[in-house]
């Protein structure tokens, strides 16, 4: 971290300098909002733009809400409608779904859900339902690429 740089500049420099990118997408958009998007959103888009190998743990509520709300949020050409969502305990901001779409490049990129195992895969997403602490097991498995057993049945 460089004390002379803003939070955004430091975060973007860290993305540029990293070898692999790991993020957890939760149903809460984030507190570091700058302009129309949060710092985390900018970081994820930068990792995609730079084609960094990347892993994302995505809360199941995000993937579910995306499927449920997709016809209301997006037109057939992919542009956003004026649909608004009231803050609620499941999803606090529709930009979480925008972030997820940016990560999976709106389904134009091959996304393997549930594991890695093929060569040359740069994006890996894994939905999770349980706590963040339990999700660490998936991160360890993805990074080590050894596969593992999920003992909670999910």
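The values are calculated or read from the model by the stated rules, or taken from the named source; none is laboratory data. Bear in mind that the values here come from a model prediction, so they are computed numbers and not experimental data. Here the Cβ positions follow ideal geometry from the backbone for every residue, glycine too, while neighbour counts run over all protein chains shown.
Summary of values
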{"item": "Checklist (1) at pLDDT 90 or above; (2) closer than 27 Å to residue 20 by Cα; (3) loosely packed, with under 14 Cβ neighbours inside 10 Å applied to residue 71, failing item", "result": "(2)"}
{"item": "Index of the failed condition, residue 56 passing every other in (1) outside any loop (DSSP other than H, G, I, E, B); (2) closer than 25 Å to residue 127 by Cβ; (3) without any contact (Cβ under 8 Å) to a residue 40 or more places away in the chain; (4) touching a strand residue (DSSP E or B) at 6+ places or on another chain (Cβ under 9 Å)", "result": "(3)"}
{"item": "Odd one out for residue 47 among (1) surrounded by 13 or more Cβ atoms within 10 Å (Cβ to Cβ); (2) within 30 Å of residue 6 (Cβ to Cβ); (3) modelled with pLDDT under 90", "result": "(3)"}
{"item": "Contacts under 6 angstrom Cβ, first residue in region 87-99 being at positive phi, partner in a helix (DSSP H, G or I) and surrounded by fewer than 13 Cβ atoms within 10 Å (Cβ to Cβ), 6 or more apart", "result": "none"}
{"item": "Selection from region 11-41 of residues that are surrounded by fewer than 15 Cβ atoms within 10 Å (Cβ to Cβ) and part of a helix (DSSP H, G or I)", "result": "13, 14, 16, 17"}
